[in-house]
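One structure is given here, and the rest of the page talks about it.
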Amino acid sequence: MSAVQGSRPVTVTIIGVLAFIAGALDMISGVILLFLLPVQDVVDGFGGTGQLIAAAIGSIVVGLITAVLAGGLLRGSQAARLIVTVLQVLSLIGSLFLAVAYLGFPVGEWIGVAVSVLVLILLWTPKSSTFFTR
């Protein structure tokens, strides 16, 4: 175990795991949206097929990048921290939009909102800031 790993706060480990989960949830949401293309009510809710496909692809891309950067967070990468912060804000906005626009019961989207908020809070705690600025 390296010195950086040994001094990593528990909150950073939690952040890494939650960032991976948040990324996975975004990717799953995007795939589900693609499967909903035949449902006209959902397509209409997004304002058309193009917007639905764009939202699905955007969600998948944000999720993939977030999941990959989770490893950087665990290593203490400041760049990963900043990129994940931006991606989590985008994910939060997207999940809120999908939770409101989706006509069913969007439990997964609300879980995504909660995970994104938790990751954002934990990324910027004093202990996390100390770890990432070393």
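The values are calculated or read from the model by the stated rules, or taken from the named source; none is laboratory data. Worth saying up front: this structure is predicted, and the values here are computed from it rather than measured. Please note: Cβ atoms are built from the backbone with ideal geometry, for glycine as well, and neighbour counts cover all protein chains shown. Heads up: the accessible areas ignore ligands, DNA and RNA and are worked out on the full protein's heavy atoms, side chains in. Shrake-Rupley method; radii C 1.70, N 1.55, O 1.52, S 1.80 Å.
Suppose the filter is within 16 Å of G23 (Cβ to Cβ) and either in contact with a Gly (Cβ under 7 Å, 6 or more places away or on another chain) or not acidic (D, E) (or both); does L96 pass it?
On the way: within 16 Å of G23 (Cβ to Cβ): no; either in contact with a Gly (Cβ under 7 Å, 6 or more places away or on another chain) or not acidic (D, E) (or both): yes.
Judged against the criteria, L96 is not a match.
Which one of T85, T133, T66 is closer than 19 Å to V12 by Cα, surrounded by fewer than 16 Cβ atoms within 10 Å (Cβ to Cβ), under 18 Å from the mean Cα position of the chain (by Cα) and of a type in the set (S, T, Y)? Quick ask: steps written out before the conclusion?
On the way: T133 fails: under 18 Å from the mean Cα position of the chain (by Cα); T66 fails: surrounded by fewer than 16 Cβ atoms within 10 Å (Cβ to Cβ).
Every option except T85 fails the conditions.
Go through the stretch 99-114 residue by residue and tally those that are touching a residue at least 40 places away in the same chain (Cβ under 8 Å) and open to solvent by 20 Å² or more (accessible area, probe 1.4 Å). Walk me through how you get there before you give the answer.
First pass over the stretch 99-114, keeping only residues touching a residue at least 40 places away in the same chain (Cβ under 8 Å): 101-103, 108-109, 111-112.
Next, from what is left, pick out any that are open to solvent by 20 Å² or more (accessible area, probe 1.4 Å): 101-103, 108-109, 111.
Residues flagged as touching a residue at least 40 places away in the same chain (Cβ under 8 Å) and open to solvent by 20 Å² or more (accessible area, probe 1.4 Å) within the stretch 99-114 amount to 6.
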